[in-house]
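First up is the structure itself, then whatever we jot down about it.
The values are calculated or read from the model by the stated rules, or taken from the named source; none is laboratory data. Predicted model, so just to flag it, every value in this text is computed and none were measured. A quick note on method: Cβ atoms are made from the backbone with ideal geometry, for glycine too, and the neighbour counts reach across all protein chains shown. Ligands, DNA and RNA are stripped out before the accessible areas are found, and what is left, the full protein with its side chains, is counted by its heavy atoms. Shrake-Rupley method; radii C 1.70, N 1.55, O 1.52, S 1.80 Å.
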Amino acid sequence: MKTRVIHWFKFASPQNFYYLAGKMWPWFAGLATVLALAGLWISFFVAPIDAQQGQGYRIIFVHVPASQMSMFIYLVMAGWAGFGLAFNTRLSGMMASALAPTGALFAFLSLVTGALWGKPMWGAWWVWDARLTSELILLFLYLGFLALQASIDDPRRADKACAILALVGAVNVPIIYFSVKWWNTLHQGASVSMKGASMATPMLMGMLIMVLAFWMYTIAITLVRVRSIILDRERHTDWVKHAVA
Amino acid sequence: MKTSHSLSFSKLGCIKGGRQLFKNVDCTLEAGNWLHVAGANGVGKTSLLRMVCGLAPIESGHIFWNGLPIQTQSENFRHDLCYLGHLNALQESMTVDENLAFTSALGGMTPDRLKTQEVLTQFGLRGRGKQLVRHLSQGQKRRVALSRLVLSPAKLWVLDEPYVAMDEAGIGLLANLIADHLSKGGMAVLTSHQRVAIGQIPAQMLELQAQ
Amino acid sequence: MKTSHSLSFSKLGCIKGGRQLFKNVDCTLEAGNWLHVAGANGVGKTSLLRMVCGLAPIESGHIFWNGLPIQTQSENFRHDLCYLGHLNALQESMTVDENLAFTSALGGMTPDRLKTQEVLTQFGLRGRGKQLVRHLSQGQKRRVALSRLVLSPAKLWVLDEPYVAMDEAGIGLLANLIADHLSKGGMAVLTSHQRVAIGQIPAQMLELQAQ
Amino acid sequence: MQWLSVADFLNMGGYAFYVWGSFGITAAVVVIEILQVRAQRREILRNLFSQSESEDDLHQKPL
Amino acid sequence: MSTSLKPMALGYVLLAVLRREVSLGMRQKGEVLTPLVFFVVIASLFPLGVGPESALLLRMAPGVLWVSALLAAMLSLQRMFATDYADGSLEQMALSTTPLALLVLAKALAHFVLAGLPLVFMAPVLGLQFGLDTRALGILMLSLLLGTPTLSLIGSIGAALTLGVRGAGVLLSLLILPLYIPVLIFGAGAVEADAAGLSIGGHLSLMAALLVLSLFFSPLATAAALRISLE
Amino acid sequence: MSTSLKPMALGYVLLAVLRREVSLGMRQKGEVLTPLVFFVVIASLFPLGVGPESALLLRMAPGVLWVSALLAAMLSLQRMFATDYADGSLEQMALSTTPLALLVLAKALAHFVLAGLPLVFMAPVLGLQFGLDTRALGILMLSLLLGTPTLSLIGSIGAALTLGVRGAGVLLSLLILPLYIPVLIFGAGAVEADAAGLSIGGHLSLMAALLVLSLFFSPLATAAALRISLE
Ligand code: HEM
Ligand SMILES: Nc1ncnc2c1ncn2[C@@H]1O[C@H](COP(=O)(O)OP(=O)(O)OP(=O)(O)O)[C@@H](O)[C@H]1O
Ligand SMILES: Nc1ncnc2c1ncn2[C@@H]1O[C@H](COP(=O)(O)OP(=O)(O)OP(=O)(O)O)[C@@H](O)[C@H]1O
Ligand SMILES: [Mg+2]
Ligand SMILES: [Mg+2]
């Protein structure tokens, strides 16, 4: 039993992961490129015009993937963080801090593309809708994570502190989401419905492919970033000196 | 109840900021003895002491208390431990008495007015109980911090540069206090750049070397 | 330009919290000499030094610098003065280099990289320039604080327990530094519970007595 | 093909600013992130190489 | 002396910490007064910024008062552990035989007593200035009474995480303000719902749930964060 | 070395302090970002407290944004001198040959650059969320640009006065918020006046006057306050 545990941790050692990630990321990057190209093709040339929203609906092909990724990444990040706290593995913290910037960027993209969509569709850049508001709060949570990470100079302490923050945030995300939802619906009825027209198949396909492309991109960029982080954190070890020599 | 205690390090190592401070430190301290951790500035004495207390994580090697790793019995170990660091752990805007009362309370004891007064007298601070710590001199603050030792039932004293800011009388007082503690089967680990004799008990030396 | 300086106290007294710490202190210090302010904990050494620097108001008596009361020439006096207190005056979240650069800038000098590096080497801190002060050991912090002395053009050094936290090598280093300063016509006022010889220059003693 | 001309494509049915703005900012963010990650890696490698020089300094015995 | 503390002894330590914190707070007479006055000042800024229209002010009142209370409670969070950290007392607490989570709970409660409770009693006065009626004032007080302990508890996590960090004050706000949002929504929501003639049972029970949840989890998270800060 | 510093040397010291402060601020990347994010978070709290009704939000916008900016700028005030005080640097500054008022001026300017200026550029984004139009956004920015340096300057007095006092954060807010009120009234007033079709020249010139006044007096007051804190 014990040997197994040790074996497992060896597998997750930064050194091994560094090489593993080095082998893996080009594949994911390649996949991301191919899928993005395909997705873009479908978005602009295959998917038909929307009956109600005209061509403007095409924003959906970046908006929805960005929104989804921003939420998933937070979950994954909190997962890594929790794992790191529980088992005291160094890699977990590095993964969490490699994911955070990308998650924050997607949250930002979700807000910007949403705003760019909202202006023509609702006539306002922003409304205080439940979903919009909770996405904004999610961005704040990411920023808090990043700010805390940046303010603590000892990386291992920073990892642990951020792990606690991520976990506390993860507990709160559902609470925030439901409270915001309730807050909004209390005052005004369903003034805005986010569901567009029933989706045509090519639209759905395009969106799915774009979502996949975003996934691949996220994995690739995270792997590259975590490699840098590993090098930085382990710079005094011998294997790093060999690796970069 | 167990009467004899022991502290031992095995292959203890410390890395700070990617620099190996020390490694493979082995050492055993039995009841009634004291360990003088010595070495140049920045060699890692404070870091070692903080590891012993469980304030800093142990990166390599082990620290055993009564034969068990300290991490596996942290509550037990904390009960046997009294630590005094570079900082005095005194609230500047509280009086000496209030600070001591709080110290006792943290250890789960009812603060005892008479005992407190006695201790203050012993440390040359008679009549200062009602004075704010902010208004004490550096050496007086250190004395108040040290009086925690007398009030604690701990077996193991871990003292980081306890003689700092103390005048000669104060140093003598403290040395006697430690000698007394050792004679009752206590133990002490201390760092200091001054070599102060503790009663008749020879120091067990641990000289850390810059790597 | 004046070359020889003098510091003198006349009937200096200090009351803290309604308690007379000392009174009628008279003393004159000429260029090239140093004054060791000694006395038990809490006798008023720090209070005296802070009065000398103009940080605490003078309640009774006078302090003269070159024959004039220090209050009447505070800018002049500050230019001739370098004070190092119990506190190190280092920004914990800045690097050593940045702290030193700022110290120089405060004195109206351009921070000189080479000079700074030289000073750090002198104080056994070579290669530490880029390290955050937070990550230095207690003694290393004190060394950085003391390196201010070398960078300052001041004539009068006022040092409150400068040897605290320093290892033996560090104490020797500092004593040499002071001796050097004195030999160039500088002056020093310091407190310490350790009697450290400063080169061949005998200390002018000022023993404060508890009243 | 649903687009009449390149101009029609670019016009996006009058939603050019919003649609191209969205895709543009997404592309920009992706590019910036990639550049930032590369810069970060270069910086870290540079530090790694310069590290061996300062190594001697750092491992000096204190006095 | 026994190795492990008895429950009674634990209670005693809890009380001792509470007493120490409160007496420290009372020492500087400002300590209790300042969050309070801050609450007043900040709430009064709005009429100045927005203009004196009473209908508008009345509509804004629950939200503005809750936001002001939240900010007032938050501003004093930072020093929950700061001085103990700087002078080494926190190390001693971490090394004491009492579970750190318990000490932390006591500190959070002390924060509530010193910074939260006074706000509860000040709120009606400010509410009057905005033109709220008696019923609304009562509900405002009730919601603050249920909400401010949660604020102290959640806040303690942030205070522990930002310990020893430069710019801790602002960072702290950044970390915990998003977490405060549910409390704010239900708290201000309760007053508004009642004004709109709706039932407020849901709001209040949700706030109670939040309180229980944070009473349980936040001391643990805070204690873990403190140990990390001390490393 | 001459006893009294030359004007050029004075300028040099001023620059050195400015550079040090700004580089200290930039060190923790968060330092510049946090007041900014704080501004955003706090401004977003109000809709959450008040409710999502857009007409109401639009009416509140100038006041709420100005109050939020003011609070964001204020929260970072506290550390203007705090670390320098704690570590003894401030004693050294007071003992240096450079006039303390000058050092203080440099520090206040650094605070404006780090904490005030970013707010000016963030304000339009928040304005959009509240539904302000382009013209109103421009005036909002202008009023903030004129107002935030005054906030930093006035704030430095408070920061100096509350140095080393327990609970400095809250006390500080308490001391300076009343002093901030004129800036707030004219700043938010300018945006509202324009929305109501009135001229804003008066508002802006009053703000400029406040700026000049505080540029002149506040370094002196701050320096005096610092000397008192150091005693
Ligand atoms: C700043 C403004 C906006 C933000 C922050 C935002 C945020 C989000 C989020 C978080 C999702 C969830 C993705 C998921 O659950 O899979 C989403 C999905 C979506 N959004 Fe937005 N959105 C914004 C504006 C808009 C606008 C203006 C429209 C269209 C009029 C829109 C249409 C959609 C659609 C169609 C979906 C997918 C629906 C679904 O999967 O259930 N969004 N958005
Ligand atoms: N992040 C870091 N980067 C580089 N070095 C570090 C870092 N953190 C700590 N150190 C070094 O680790 C050592 C810690 O020393 P420690 O405080 O244990 O010394 P000490 O033996 O107690 O010295 P002193 O006698 O001065 O108190 C110092 O040399 C310090 O410079
Ligand atoms: N408000 C006060 N009330 C009573 N006593 C006070 C007050 N303020 C200061 N004191 C006393 O004044 C003295 C100040 O001493 P000071 O710090 O100058 O001592 P010191 O000689 O430097 O001692 P040390 O060697 O410990 O550094 C102390 O005895 C202190 O208790
Ligand atoms: Mg040490
Ligand atoms: Mg002294």
By accessible area with a 1.4 Å probe, ligands and nucleic acids excluded, highest first: order of F:102, F:142: F:142, F:102
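What number do you get for chain A when its Cα radius of gyration is normalised by 2.2 N^0.38 Å, N = residues? Let's see the in-between values first.
Values: Rg = 20.5 Å, N = 245, 2.2 N^0.38 = 17.8 Å.
Taking N as the residue count of chain A, the ratio is 1.15.
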Proportion of all alpha-carbon pairs of segment A:77-140 beyond 13 Å (%): 67 percent
FRET efficiency, residue D:10 to residue A:178 (Cβ-Cβ, R0 35 Å, nearest 0.05): 0.25
Charge-dipole axis of the protein assembly as shown as Lys and Arg at +1 and Asp and Glu at -1 on Cβ define it, positive-most pick from A:132, B:150, C:158: B:150
Pairwise label distance in nanometres, residue C:76 with residue F:181, each label 7 Å out on the Cα-Cβ vector: 4.8 nm
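Just need the Rg to Rh number for segment A:8-64, please, alpha carbons only, Kirkwood Rh.
Values: Rg = 18.9 Å, Rh = 14.3 Å.
So for segment A:8-64, dividing Rg by the Kirkwood Rh gives 1.32.
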Accessible area of residue C:83 in the full protein assembly, 1.4 Å probe (Å², nearest 10): 10 Å²
Spread of Cα-to-Cα distances over 5 Å intervals beginning at zero, given as percent, for chain E: 1, 7, 14, 18, 18, 15, 11, 7, 5, 2, 1, 0, 0, 0
Cα lying deepest toward the dipole's positive end in segment E:1-122, options E:98, E:43, E:115, charges on Cβ: E:98
Range of Cα positions in chain C per principal axis (Å), largest first: 48, 40, 34
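Apply the a/c threshold of 1.5 to the C-alpha gyration tensor of segment B:74-174 and tell me whether it is rounded, prolate or oblate.
Cα axes put segment B:74-174 in the oblate bin.
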Residues whose placed amide H lies under 5 Å from that of residue B:189, excluding near-sequence neighbours: B:35, B:157, B:158, B:159
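What part of the accessible area of segment D:1-54, given as a whole %, is carbon or sulfur when the probe is 1.4 angstrom? Walk me through the numbers on the way to the answer.
Working: 2250 of 3360 Å².
Looking at segment D:1-54 in its full context, I get 67 percent from C and S.
Among the DSSP beta bridges whose two residues both lie in the protein assembly as shown, what percent are antiparallel, rounded to the nearest 5? Present the calculation step by step, with values, prior to reporting the outcome.
Working: 35 of 69 bridges.
Given both bridge residues lie in the protein assembly as shown, the antiparallel proportion sits at roughly 50 percent.
State to the nearest 20 debye the size of the charge dipole of the protein assembly as shown about its Cα centre, where the only charges are +1 on K and R beta carbons and -1 on D and E beta carbons. Each step should come with its number before you reach the end.
Details: 87 positive and 68 negative charges, 284 e Å.
The calculated dipole for the protein assembly as shown is roughly 1360 debye.
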For residue C:26, label point 7 Å along C-beta direction: distances to other copies, nm: 6.7
Sequence-distant residues sharing a close amide H with residue B:58 (under 5 Å, placed H): none
Distances in nm from residue F:121 to the matching label points in the other copies, shortest first (labels 7 Å along Cα to Cβ): 4.8
Modelled FRET efficiency - R0 56 Å, residue C:121 with residue E:53, Cβ distances, 0.05 increments: 0.20
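Helix-derived [θ] at 222 nm for chain A: sum -39500 (n - 2.57) over DSSP H runs of at least 4, divide by residue count, nearest 500? Before the final figure, lay out the partial values.
Details: 8 runs with 194 residues, N = 245.
After summing the helix terms and dividing by residue count, I get -28000 deg cm²/dmol.
For residue C:113 and residue C:200 in the same chain, what is the full-extension length gain: residue separation times 0.36 nm, less their Cα-Cα distance, in nm? Before the final figure, lay out the partial values.
Values: separation 87, 0.36 × 87 = 31.32 nm, distance 3.29 nm.
So the chain would gain 28.0 nm between residue C:113 and residue C:200.
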Positive-pole candidate from F:151, F:65, F:189, dipole of chain F, charges at beta carbon: F:151
MRE, 222 nm, helices only [DSSP H, n ≥ 4, -39500 (n - 2.57), over chain E, to nearest 500]: -28500 deg cm²/dmol
HN-Hα J in Hz across segment B:14-31 - Karplus 6.51, -1.76, 1.60, θ = phi - 60°, x for Gly and Pro: 9, 10, 10, x, x, 10, 6, 7, 8, 8, 6, 7, 10, 4, 10, 10, 9, 4
Exposure of residue C:59 as accessible area (Å², to 10), given a probe of 1.4 Å and all protein chains: 110 Å²
Links that overshoot a 32 Å alpha carbon limit, given the list C:45/C:155; A:241/F:107; C:45/C:141; A:160/B:11; B:45/F:107: A:241/F:107; B:45/F:107
Size of electric dipole in segment F:75-231: Cβ of Lys, Arg +1 and of Asp, Glu -1, about Cα centre, debye, nearest 20: 60 debye
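Keeping all protein chains in place and using 1.4 angstrom, which order do B:90, E:128 fall into by accessible surface area, from largest down?
On the way: B:90 10, E:128 110 Å².
Sorted by accessible area, descending: E:128, B:90.
Probe radius 1.4 Å, ligands and nucleic acids left out: can you give me the accessible area buried at the E-F interface, summed over both chains, in Å² to the nearest hundred? Write down the numbers at each step before the final one.
Working: alone 11690 and 11660 Å², together 19440 Å².
The summed interface area works out to 3900 Å².
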Test item: Cα-centred dipole of chain A, Lys/Arg +1 and Asp/Glu -1 on Cβ, debye: 580 debye
Note, ³J(HN,Hα) from phi for segment E:151-156, Karplus 6.51, -1.76, 1.60, rounded to Hz, x at Gly and Pro: 4, 4, 5, 5, x, 4
Across the identical copies, how the residue F:216 labels are spaced - nm, sorted shortest first, 7 Å along Cα→Cβ: 6.4
Over segment F:30-145: Rg over Rh, Cα atoms, Kirkwood Rh: 1.11
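Would you work out the relative contact order for chain C, in percent, from Cα pairs under 8 angstrom that are 6 or more residues apart?
Value for chain C: 30 percent.
For a Förster distance of 56 Å, can you work out the FRET efficiency between the beta-carbons of residue F:224 and residue B:6, rounded to the nearest 0.05?
Details: r = 60 Å, r/R0 = 1.08.
The computed FRET efficiency comes out at 0.40.
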Scattering profile of the protein assembly as shown at q = 0.04, 0.09 Å⁻¹ [log10 I(q)/I(0), Debye over alpha-carbon scatterers]: -0.24, -1.22
Hypothetical label at residue A:24: residues of segment A:139-174 whose amide nitrogen lies under 16 Å (7 Å Cα-Cβ projection): none
Where B:50, D:38 fall by accessible area, highest first, once all protein chains stay in place (1.4 Å): D:38, B:50
